[in-house]
Amino acid sequence: MGWVSPTGYEDPEAAWADQFKAYDEDTNTFAFTGGSYDECTYTPFLILTRPAIQCDKIRFWLDSIYAWNIDNVDVDVLRDGTWVHVYDGNPPRDQWVEASFTQGSVTKARFRGHISFFIGQGFLQEFDFWEVEVPPAVGYSYTDGLVTVICSRRLAGIRTTTRKRIPYGIR
């Protein structure tokens, strides 16, 4: 379906400021850690949330001006109720960085940066989830010569399920 933004955040250690700017659709603004961290240290996680979607990749943006002292980024997603590691590396700057993973129901992502040298802060300009379109599912149950047809589809972000019992062989 396309890229969708988080709709909220969790900051368990109250370490980040302007958290909502990590999903305000503007790569010129940013969320940042409120304090400075010593070199060779990871910042605390910023957790980005949204209602459950089928998802198989994320993307994020760091720029070269503010995130110059970040030499590694660690990103996990909460897929089907379990944290799954999806990115660990020194990402390029001033461009979208994508990370793919096995599709599942995703409700959260967590992001942290590693401070490479000097005292610094963590920065995150933008973050998105890729919402996968779920094809209509059809299920059949044969009992007493009747078929139960189950159709599930999503319209305007709302999932609807229809069940209809029909005689076998009739459409």
Qualifying positions in the stretch 10-27 - part of a strand (DSSP E or B) and buried (at least 18 other Cβ atoms within 10 Å of the Cβ): Trp16
All conditions in (1) at pLDDT below 95; (2) in a strand (DSSP E or B); (3) hydrophobic (A, V, I, L, M, F, W, C) are true of Phe118 except (2)
Just a yes or no: is a residue in the stretch 47-70 part of a loop (DSSP other than H, G, I, E, B), more than 10 Å from the chain's Cα centre (by Cα) and modelled with pLDDT of 85 or more? no
Might you check whether a residue that is modelled with pLDDT of 95 or more, surrounded by 13 or more Cβ atoms within 10 Å (Cβ to Cβ), closer than 25 Å to Phe32 by Cβ and among the small types (Gly, Ala, Ser) occurs anywhere in the stretch 107-114? yes
Expected single match for over 20 Å from Val132 (Cα atoms) and among the aliphatic types (A, V, I, L, M) among Ala109, Ala99, Ala52, Ala31 is Ala31
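The values are calculated or read from the model by the stated rules, or taken from the named source; none is laboratory data. Not measured: the values here are computed from a predicted model. Cβ sites come from the backbone with ideal geometry, for glycine too, and all protein chains shown count toward neighbours.
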